[in-house]
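The values are calculated or read from the model by the stated rules, or taken from the named source; none is laboratory data. Fair warning: this is a prediction, and the values are worked out from it, not measured in the lab. Here Cβ is always computed from backbone atoms with ideal geometry, including for glycine, and neighbour counts include all displayed protein chains. The accessibility values were calculated without ligands, DNA or RNA, using every heavy atom of the protein model including side chains. Shrake-Rupley method; radii C 1.70, N 1.55, O 1.52, S 1.80 Å.
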Amino acid sequence: MQRADFLALVEKTLEEVILLAEEATGRSLPRRFAFQWLGEGFPRVTEGIAEYRG
């Protein structure tokens, strides 16, 4: 899989998950994301999540 394809897949998947959550809750949700591995010492990533290499 090419890098651009991976980034598009992640973006599409996140949007689909948000849409499902919006349907389930009947509320509009923000498109802000944060990612952090479980465990001590891992930073919270808020930009470029799909490209984060830790």
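Of all accessible surface on the chain at a 1.4 Å probe, what whole percent is carbon and sulfur? Reported share for carbon and sulfur atoms: 57 percent. Treat each spin label as a single point 7 Å out from the Cα along the C-beta direction, and report the residue 44 to residue 28 distance in nm. About 2.5 nm separates the two model spin labels. Loop-located chymotrypsin sites (Phe, Trp or Tyr not before Pro) across the chain with a Cβ neighbour count of 16 or fewer within 10 Å are 33, 37, 52, with loop assigned by DSSP. GluC sites (Glu not before Pro), restricted to the chain: which are DSSP loop and have at most 13 other Cβ atoms within 10 Å? Sparse-neighbourhood loop GluC sites (Glu not before Pro): 40, 47.
Based on every Cα atom in the chain, Rg and the maximum pairwise Cα distance Dmax equal 13.3, 36 Å.
A helix-only calculation puts the chain at -15000 deg cm²/dmol for mean residue ellipticity at 222 nm, using -39500 (n - 2.57) for each DSSP H run of at least four residues, averaged over all residues.
Normalised by the number of residues in the chain, the average gap of Cα pairs under 8 Å and 6 or more apart makes the relative contact order 28 percent. In the full protein context, the chain carries 91 Å² of accessible surface per residue, based on a 1.4 Å probe and ignoring ligands, DNA and RNA.
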